[in-house]
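Take a look at the structure set out below.
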Amino acid sequence: MPVLPPGLTQESFDKALDEFRAAIGAQWVFTSEADRASYLDPFDIGDQHDHASAAALAPADVEDCRKILAIANRYKVPLWPVSMGKNFAYGTAAPEMRGSVILDLKRMNRILEIDEQMGTAIVEPGVSFFDFKAELDRRGSRLWMSGPAHSWGSVIGNALEHGVGYTPYGQHAEQICGMEVLLADGTLVRTGLGALEGTREWQAYRWPFGPALDGMFTQSNFAIVTKMGLWLMPEPEGMAGVSIRVPRKDDFRALVDTLRPLRMTDTINAPYTIANGWRQITGGRVRSQVWDGPGAIPQARMEELLAERGDGWWSVIFNLFDSPAGLDLRLDKIRRAFDQGLPGATIDVRRWQQGEPQEPWMRQEVSLAPLGAVDWGGSPGGHSDLGPIVAPLGGRAEQVYEIIERRFLEYGKDPWVGIFGISSRALVFVADMYFTRTDAEETARCRALFRQLCADMQAIGVGLYRTHLRFMDDAAAMHAWGDHALPRLNDRIKAALDPNGILAPGKQGIGSWNSREGTDR
Ligand SMILES: Cc1cc2nc3c(=O)[nH]c(=O)nc-3n(C[C@H](O)[C@H](O)[C@H](O)COP(=O)(O)OP(=O)(O)OC[C@H]3O[C@@H](n4cnc5c(N)ncnc54)[C@H](O)[C@@H]3O)c2cc1C
């Protein structure tokens, strides 16, 4: 069934499509049912056609993007830029607003620079983690990539979404240093030192003269990002893979308080992941293999399953990066902290040093394997995440965890929770809702659970890290301080930069957060 951009007639949309074809080549304008279906969200919590696109365009370069913007402004065609479009769990390549036209940037896939001396790179949007790793390997580079759990996405899209990896450079938005962005009116801007003709320092310093604008183009709809500079990690002399088993559920507060100073002092110098019982028991299985009763898997069954695997209620994994002697010091400090704070914990360590073959625990290989988990709840499976950002203080983390677990159980869902120590001062909880996509009752229940938790989190002043398209307005509206001064400022910036609202309408609730209240989107 054809889908139109809101407010456009078939006739005017057809004219716009003809102009797009003339501008970038007919073969790069996708309108068939099958082509458009490939941009639907396979993991949507509800009818994926709620976020159907009207067409897709694949520009070759910045000039093509400029031409597209001029036409889109004239006809008021909303565009939804994606880099690789593999934003699984958060919308994949689908637009927030039904009827938007996907601006698929995959063809702009050049790795423009890898500076071995400076440890920096400049890439275009279509560079995937697979491509980037292959290029580093091809060059025999001594620089390492920090990638997310699965590698299908793009270096740019992931960093723009504040994505996370598992090295000291694992907070990917923090590695951004300089961008080239195309504004809705066709103006091309280079941020930071890229604004100087002939600069050698574009990727050298993030805080030069004037406002630092890179952050403004992340998780936003203010521009199309056409290039990004990034910092890359020099290959470490050694690594240690640490896994810690913590037996009792009641140990959570002590666990968070034990980890905090270790992360804050950079003793643990990369993000750690805490998994609760439900998150640990999957192990390549599907849920029906371990529990076929109603509601969430009960605590008693969980304890049996964990005992079978020799696991504690909590597990913690992280990697350390240092010279062999430095790793010894770090490990010694970690062991002493756990002896003191959580004597019941068991710590296992693996080691690697430069020159040895790499192993899977190092998470340096590119892979699609983590995507296998999506059928955990039932097939065809989907999942979405609630991502509260929480201070790593035992009492605070326990408060948030208890609310999440209670609500999941109340709504008959397994509280499948991972807690990521992504920075020295913040935990990001990832509470996964797994569902069978074709089960309308279950997906509606998950949406209700998500919105209930938004209200619960807002009530205690906790905000979210990233959401699926369906919850972007809800997450933006949670920022209520000062009569929603921050979302209102975002709306004003948007109106100034993109008066026709053609770039990614609805993205992160910018321009839409207060207009659709109370609807189950
Ligand atoms: C099992 C599983 C495990 C996962 N593990 C992780 C993980 O460990 N870490 C993690 O971070 N994520 C993880 N994800 C989430 C997600 O799949 C990745 O973050 C993925 O890298 C995002 O897709 P992408 O890079 O293709 O971004 P895209 O889909 O290309 O982009 C995401 C969004 O950013 C905006 N955008 C993208 N490019 C541009 C541009 N050039 N200009 C303007 N706006 C743009 C758009 O709004 C777009 O929708 C996981 C998902 C699943 C299902």
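Would you please list the contacts, defined by Cβ atoms under 7 Å and residues six or more apart or on different chains, that run from a residue in region 346-363 that is part of a helix (DSSP H, G or I) to a residue that is modelled with pLDDT of 95 or more and surrounded by 13 or more Cβ atoms within 10 Å (Cβ to Cβ)?
The qualifying pairs are Trp361/Gly241; Trp361/Arg350; Met362/Met239; Met362/Gly241; Met362/Asn319; Met362/Trp352.
Can Val189 be described as at pLDDT 95 or above, buried (at least 20 other Cβ atoms within 10 Å of the Cβ) and either touching a strand residue (DSSP E or B) at 6+ places or on another chain (Cβ under 9 Å) or not aliphatic (A, V, I, L, M) (or both)?
no
For region 170-177, indicate whether the set of residues that are more than 11 Å from the ligand (Cβ to nearest atom), under 17 Å from the mean Cα position of the chain (by Cα) and in a loop (DSSP other than H, G, I, E, B) is non-empty.
No, region 170-177 contains no residue that is more than 11 Å from the ligand (Cβ to nearest atom), under 17 Å from the mean Cα position of the chain (by Cα) and in a loop (DSSP other than H, G, I, E, B).
Only strands (runs of 3 or more DSSP E) wholly contained in region 80-134 count here; list those with 1 or more residues that are under 16 Å from Ser38 (Cβ atoms), touching a Phe, Trp or Tyr at 6+ places or on another chain (Cβ under 9 Å) and within 12 Å of the ligand (Cβ to nearest atom).
Working: elements: 101-104, 111-115, 120-123.
So the answer is 101-104.
Within region 144-164, track down each residue that is in a loop (DSSP other than H, G, I, E, B), farther than 15 Å from Met362 by Cα and more than 8 Å from the chain's Cα centre (by Cα).
Trp152, Gly153
May I ask you to verify whether Ala475 is in contact with a Cys (Cβ under 8 Å, 6 or more places away or on another chain) and either surrounded by fewer than 21 Cβ atoms within 10 Å (Cβ to Cβ) or part of a helix (DSSP H, G or I) (or both)?
So Ala475 fits the description; yes.
Condition test on Phe217, is it touching a residue at least 60 places away in the same chain (Cβ under 8 Å) and within 16 Å of the ligand (Cβ to nearest atom)?
Against the criterion (touching a residue at least 60 places away in the same chain (Cβ under 8 Å) and within 16 Å of the ligand (Cβ to nearest atom)), Phe217 does not qualify.
Between residues in region 423-445 that are closer than 30 Å to Pro392 by Cα and touching a residue at least 40 places away in the same chain (Cβ under 8 Å) and residues that are surrounded by 15 or more Cβ atoms within 10 Å (Cβ to Cβ) and among the polar types (S, T, N, Q), which pairs lie under 6 Å by C-beta distance while being six or more apart or on different chains?
Matching pairs, first to second residue: Ser423/Gln171; Met433/Ser384; Phe435/Thr443.
Filter region 1-52 down to the residues that are buried (at least 20 other Cβ atoms within 10 Å of the Cβ) and under 23 Å from Glu442 (Cα atoms) and list them by number.
Across region 1-52, the qualifying residues are Asp41, Phe43, Asp44, Ile45, Gly46, His51, Ala52.
The values are calculated or read from the model by the stated rules, or taken from the named source; none is laboratory data. Given the structure is predicted, the values throughout are model-derived calculations rather than measurements. Backbone-built Cβ (ideal geometry, glycine too); neighbour counts: all protein chains shown.
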